[in-house]
1. Which of the residues spanning segment B:13-49 are touching a Leu at 6+ places or on another chain (Cβ under 8 Å) and not in a helix (DSSP H, G or I)?
2. All but one of (1) in contact with a Lys or Arg (Cβ under 8 Å, 6 or more places away or on another chain); (2) closer than 24 Å to B:A19 by Cβ hold for A:L90; state the number of the condition that does not hold.
3. Check A:S29, A:S39 and return the single one that is among the polar types (S, T, N, Q) and over 12 Å from the mean Cα position of the chain (by Cα).
4. With the condition kept exactly as written, say whether any residue in segment A:75-82 is assigned by TED's automatic domain parsing to the domain that holds A:E3, touching a Lys or Arg at 6+ places or on another chain (Cβ under 9 Å) and farther than 23 Å from B:I43 by Cβ.
5. Considering only segment A:27-38, I want to know if a residue exists there that is within 22 Å of B:P41 (Cα to Cα), part of a helix (DSSP H, G or I) and within 7 Å of chain B (Cβ to nearest Cβ).
6. Checking B:A100 against (1) within 8 Å of chain A (Cβ to nearest Cβ); (2) closer than 19 Å to A:A68 by Cα: exactly one of these is not met. Which one?
7. Would you mind telling me which numbered condition in (1) over 16 Å from the mean Cα position of the chain (by Cα); (2) within 22 Å of A:V92 (Cα to Cα) B:A31 fails?
8. Any idea how many residues of segment B:13-42 are free of Cβ contacts under 8 Å to residues at least 12 places away in the same chain and either among the basic types (K, R) or within 7 Å of chain A (Cβ to nearest Cβ) (or both)?
Amino acid sequence: MVEIILRFFVGGAVVCVFAVFADALKPTSFAGLLGAAPSVALATLSLTVWKKGSGYAAAEAESMILGAAAFFIYATVVSKILRSARWSALSVAAASLVLWLACAFVLRYAVLG
Amino acid sequence: MLVKLEPGEIRDTRWYEYATRFLFGGLITAAAGLIAQRFGPAIGGLFLAFPAIFPASASLIEKHEKEKKARFGFDGTNRGRVAAGVDAAGAAMGTLGLMAFAIVSWKLLPKLPTWLTLFIATLAWAGTAATAWMICRRRWRYRHGGVSTHKRRDSTLEHISRE
């Protein structure tokens, strides 16, 4: 339980730091790079190494590659929809999370078995 | 245009907007830990690249762009949506950096101290993402009027990406 609470606060803090930079950076397309900043990964991997060792964390990082590939597909699709359709950013981005889940699990089982 | 850091823009963001991102970021970090505990690192690791805060960030950008236009009496709905789309395109390039981060972490975590590995991985993310952005930007500018920026086209996308 203590570990989960620690993950929550460390993860939230790291995300906020990147969010501050994202808000201050121009142009918008460059600031968007920080939408895919490794904020959750930095918090999680450092805590995982501390609790479970570097081998376990490396295994998580290996899967993260596929999660990032799914994120690429997700962000590309969201970008195209927002620039052509008339739906709000929140509804498109939230609904498309299902796409990320599908891509991530398909890639995981296709690549890692 | 060059990349600029404008600290004044932070004032446009309200405290509860940062609190929202803190909450989502914290929740997904905690959830990634729980998922890894339950299903193992192969499944838990996927969620290290879960776009948890992206919907909130895209929504904030749309809202801020709309508010900027509204201050001058215009409807900024379309501009806000396109700005969020441009931000998403930037995030897509950022994910290439995220892959670089993950590859470096995967290879170096068992060999080097954690702090050094994560530092190198973060540099890999920044370098890869920035390079991808510069390449895409050059291609976009070549397709929409050449390398020279003297000719300005009156398109929403160009205007937003030049802000």
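The values are calculated or read from the model by the stated rules, or taken from the named source; none is laboratory data. Values in this document were obtained by computation on a predicted structure and should not be read as measured data. Positions of Cβ are generated from backbone atoms using ideal geometry, with glycine treated the same way; all protein chains shown enter the neighbour counts.
1. B:T13
2. (1)
3. Sole residue among the options that is among the polar types (S, T, N, Q) and over 12 Å from the mean Cα position of the chain (by Cα): A:S29.
4. Of all residues in segment A:75-82, those assigned by TED's automatic domain parsing to the domain that holds A:E3 come to none.
No, because not a single residue in segment A:75-82 is assigned by TED's automatic domain parsing to the domain that holds A:E3, touching a Lys or Arg at 6+ places or on another chain (Cβ under 9 Å) and farther than 23 Å from B:I43 by Cβ.
5. First pass over segment A:27-38, keeping only residues within 22 Å of B:P41 (Cα to Cα): A:36-38.
After this cut, where a residue has to be part of a helix (DSSP H, G or I) as well, the list is A:36.
Add one more test, that the residue is within 7 Å of chain B (Cβ to nearest Cβ), and what stays is A:36.
The answer is yes, given that some residue of segment A:27-38 is within 22 Å of B:P41 (Cα to Cα), part of a helix (DSSP H, G or I) and within 7 Å of chain B (Cβ to nearest Cβ).
6. Checking B:A100 against (1) within 8 Å of chain A (Cβ to nearest Cβ); (2) closer than 19 Å to A:A68 by Cα, the one that fails is (1).
7. Status for B:A31: all satisfied but (2).
8. Step one: of segment B:13-42, the residues free of Cβ contacts under 8 Å to residues at least 12 places away in the same chain are B:14-16, B:18-19, B:22-23, B:26, B:29-30, B:33-34, B:36-42.
Those left that are additionally either among the basic types (K, R) or within 7 Å of chain A (Cβ to nearest Cβ) (or both): B:14, B:18, B:22-23, B:26, B:29-30, B:33-34, B:36, B:38, B:41-42.
So the answer is 13.
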